[in-house]
Amino acid sequence: MIVDYDGNICIITQEKATVKTLANNLEVGYHKYKNYHLIINLSSLESISLEEIVEFLRLNNTHRADKKSFVLVSDKVNLDEMPDEIVVVPTQHEAYDIIEMEDIERDLGF
C-alpha cells in the first residue's frame, strides 16, 4: 500500500494485497490515519465486489464518527449497488470534491 499526504488528506493506494488484507491493515494502523480525511484508492484492482467494499464498513463508521471523511475510489463497481453508508466515487478528483463538500457541511453543523 502506498500512503501519500496532501494537507489534511491521506491518500492510500492499493497495490498488491487483497481488499480484506488492506482493510485489516488500515484498522491495525488506524492511529496513523485517524486525524486525516481518508481517500482509499482501489483503482488498480481489476474488479471489486460489494462484499469487498463492505470490508471497509467498520473503519468507515469509526472514521465518520470522528468527523472525518472516508471515501473509496473505484471505477470498477456498480455505484447503484453500494451501501449508502460508504461513499464510493469513480475518480480521485471526485473524492476531493466529496471531502470539500463534507467539510462545508460540518462547518454548517450538519
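The values are calculated or read from the model by the stated rules, or taken from the named source; none is laboratory data. Computed from a predicted structure; not experimentally measured. Positions of Cβ are generated from backbone atoms using ideal geometry, with glycine treated the same way; all protein chains shown enter the neighbour counts.
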* **Hits in the range 76-110 - residues which are at pLDDT 90 or above, within 23 Å of GLU15 (Cα to Cα), part of a loop (DSSP other than H, G, I, E, B) and not hydrophobic (A, V, I, L, M, F, W, C)** => PRO90, THR91
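Okay, residues lined up against (1) polar (S, T, N, Q); (2) within 14 Å of MET1 (Cα to Cα):
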| site | (1), (2) |
| --- | --- |
| THR18 | yes, yes |
| ASP66 | no, no |
| VAL87 | no, no |
| THR91 | yes, no |
* **Conditions (1) of a type in the set (Lys, Arg); (2) in contact (Cβ under 8 Å) with a residue 12 or more places away in the chain; (3) surrounded by fewer than 20 Cβ atoms within 10 Å (Cβ to Cβ): number failed by LYS68** => (3)
